[in-house]
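Accompanying notes for the structure given below.
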């Protein structure tokens, strides 16, 4: 052939104008691709913003723990030097109390110490009230002694302008590190109050830190400083040794004895990192204690039970849906179109009534003074004294949820069965198969994709079902989702709720994977 | 009608009627006897009742009245799976979740035949349709023609004596269809099986069958071997349904035992064979095949009646010429001539005289 582009020696295939064929094809397809992207873009954006992003945020919450290191950053750093030892461990040194003092002084202004208290309360009960109490007491500590002593030494220490000038001088942060750090907190506090820094006298914790810095620094270091207020500092440095010292540890213990408890400090240390596995451990009935990972106390182990129950009941509901739905779908797919359409409307009828109404209807039917019990008693099958308990337990949940989820089984089954031509069963019969053999060997295998689709649908819906178990589940019929809802709306432990949700999601994905391995996901069809 | 209830009749429909709604009969009084080893085709337009008859024979429909006998035994109340009739469906109905070999093995398994024997039979059946290498494939991986062969093999693998085929070649393209027609015919001849074949394709019916039953309006209009059906249609429906056909309307002018003279509506006279006209003055539809029309005066009988015709159109079709004429006021009269060296090509506008041998022209019911 004379067509040069076809000759193998010229390398890649070229189009008529000499550009590589692959490239011109890409250019030709790019417009199409962009068009397609533009068409799906609104939905994509909507899904991203309203679905993917919130889910990602929730998943992130299950490990996020920045509140501790953000609220009491100095304490977290100071605690690094301290190790929890089981039992009679000593409480940390005064340095840690000093760090906590500054941290809480700032947190109290921003009221973040109560949030921290709620967070740590999930791990150790009593933390919430301890922190609230400490927040109230932190401004009434005896540390005003330091302030008074500095003022007595030189009244200029009262002047905020002097402080501002001094703290802005270069080199001051080296000789007064704790004061400089506390000063930043002070700046934020003043800004929060909409006051002017140069007009507000610093609070006691600044003086306390100044005292600690001056005690800690050798005289030579202070003498080397030549910035603003150098003279005042040198005077103070030589005088601080004679100051009356206030033990911050004692001050905290005055507010609450618990501050001497190593358990409290251990909890703070254990949950000081910005990310924690604590929520996940709680989700599987473990807990992160200062001493390491331990099982929850027996009477607080609930989540594994709930996960197991959720799985088991979802399986039972799925099984009942298959048993009830298969014959109906079979009937529907084999009736003439007019009749089957009418019956299909009946199948869909439940969707037109509120979920709440349907669930409540089951309550009316199944309760002990309800319709079914009344009939059984009237028939004499059950004595008036021992009416059956059919609601507010697992049985009630299974009945109500099977009813609610049945259409989700019937519809995929129906649409798959609709596509199975009657000639297959006829062919099987003409080949000598009995009705049962024809059904079991020929019809049933072809309806398996419908069962698969329906089962996945029903199982995944029921595993995360909330309203029905909440209403008719009682104590034995509640699902893990009810617990998640409780943590979202009542206990406000969103981290734990997120961890439970994440585990639930992982379990669903795992089951999906298992299903794919066993049955094959291409074996799922909606018709 | 060919003999019913003779000793060699294998399948017998005896006065069979079928109604779905209790008001209309879909099959009206069907009497049909099929000999052992015969290839019988039920041919007819859709809705003529042919498929219903097949389904009654297979057992998927019940006869409303009358008896169906197979090998002398009445089978009306025997369920389909006990009838032992092989069947090939229109869309093949190969089980998609089984391999080809499993499909073929299925009828043997339900008959509880041992594994080794099963395998031998499956292999033999696959070889018979030249699909020996395809046992491990799924039906979806096969072409239409291959699926057709497998469906045939499956209907034959359990050695049914009677095989029903419901428009089995309907989904194939023309070339493959023609090829498969011969193949099915050969296999059925070799095995000596009885075949009841349903189709609406008359070419298929003519090329394959020993006898063809033409269905219309729930009745068999004619039951005859293909040549007889084509050349000697018994009524105007069969004449027009089978093959191409020129029709002219007229009145019987004179009638003998085997010759009738018909005066056409424009006054011309023609010679015909009286088929179902009873006497002089009857309205009749005269039927003549396009290839039996002659316009070469020398080849006609000296005293034959001829008609004047005007050539309207000449179509070259390769093996034949197809010429459209205006004859007796109708302009859809077709003449087919063989493309032979001595054949004349007519030109549009040319005036010719046409005629035929009287036995090729049949005076039928109007």
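Per residue, how big is the convex hull of segment B:252-366 when only Cα atoms are used? Give it in Å³.
102
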Computed over chain A, the relative contact order (Cα-Cα under 8 Å, seq sep at least six) in percent reads 15
Rounded to one decimal in nm, the spacing of the 7 Å Cα→Cβ label points at residue A:19 and residue A:144 is 8.2
Counting only backbone N atoms under 11 Å from a point 7 Å out along Cα-to-Cβ of residue A:159, the residues of segment A:206-235 in range are A:229
Rounded to whole angstrom, the alpha-carbon centroid of segment A:86-157 lies from that of segment A:220-255 at a distance of 20
Note: A:432-439 gets an average of partner chain Cβ contacts (10 Å, Cβ to Cβ) equal to 5
Using the Kirkwood formula on alpha carbons, the hydrodynamic radius of segment B:288-345 in angstrom works out to 12.1
Taking Cα pairs closer than 8 Å and at least 6 residues apart, the relative contact order of segment A:334-487 in percent is 27
Cα gyration tensor of chain B diagonalised, 5x eigenvalues square-rooted, in angstrom largest first, produces semi-axes 46, 26, 15
Residue A:299 and residue A:374 label points (each 7 Å along its Cα→Cβ direction) are spaced in nm at 4.2
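Before rounding to the nearest 500, sum -39500 (n - 2.57) across all DSSP H runs of length at least 4 in chain A and divide by the residue total; then give [θ] at 222 nm in deg cm²/dmol.
The per-residue figure over chain A is -20500 deg cm²/dmol.
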Note: A:420-427 gets an average of partner chain Cβ contacts (10 Å, Cβ to Cβ) equal to 6
The alpha-carbon center of segment A:162-177 and that of segment B:154-183 are separated, in whole Å, by 102
Assertion target for A:378, A:352, A:183, ordered by fewest C-beta neighbours within 10 angstrom first, is A:352, A:378, A:183
Here the relative contact order (percent) of chain B, from C-alpha pairs under 8 Å and at least 6 apart, is 15
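If I stretch the segment between residue A:277 and residue A:323 completely, what's the gain in nm (0.36 nm per residue apart, minus their alpha carbon distance), one decimal?
12.4 nm
Take every residue in peptide B:70-82, count the Cβ atoms of other chains within 10 Å of its Cβ, and give the average of those counts.
Details: counts 0, 0, 0, 0, 0, 0, 0, 0, 0, 3, 9, 10, 3.
The shielding value for this peptide is 2.
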One point scatterer per Cα, no solvent, Debye formula: log10 I(q)/I(0) for the protein assembly as shown at q = 0.04, 0.05 Å⁻¹ comes out as -0.45, -0.61
Helix A:112-121 sits off the longest principal axis of the Cα atoms of chain A, rounded to the nearest 10 on a 0 to 90 degree scale, by 60
Rounded to the nearest Å, the spacing of the alpha-carbon centers of segment A:295-342 and segment B:290-366 is 77
Nearest 10, in degrees from 0 to 90: the angle of helix A:480-489 to the longest Cα principal axis of chain A is 40
Asserting the computed 222 nm helical MRE of chain B (DSSP H runs at least 4 long, -39500 (n - 2.57) per run, divided by residue count, to nearest 500) equals -7000 deg cm²/dmol
Kirkwood Rh for segment A:143-245 from C-alpha pairs, in Å, is 13.5
Helix A:94-110 sits off the longest principal axis of the Cα atoms of chain A, rounded to the nearest 10 on a 0 to 90 degree scale, by 70
Descending packing, highest mean Cβ count within 10 Å first, for A:202-208, B:178-184 is A:202-208, B:178-184
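For segment A:374-417, what number results from the quotient of the Cα radius of gyration and 2.2 N^0.38 Å?
Output field value: 1.74.
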Ratio for chain A, C-alpha Rg to 2.2 N^0.38 Å, reads 1.51
Of B:340-346, B:48-54, ordering from highest average Cβ density within 10 Å down gives B:48-54, B:340-346
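Bear in mind that the values in this text are calculations on the coordinates, not laboratory data. The shown structure was predicted, so the numbers you read here are calculated from the model rather than taken from an experiment. In this analysis, Cβ positions are derived from the backbone assuming ideal geometry, glycine residues included, and neighbour counts consider all displayed protein chains.
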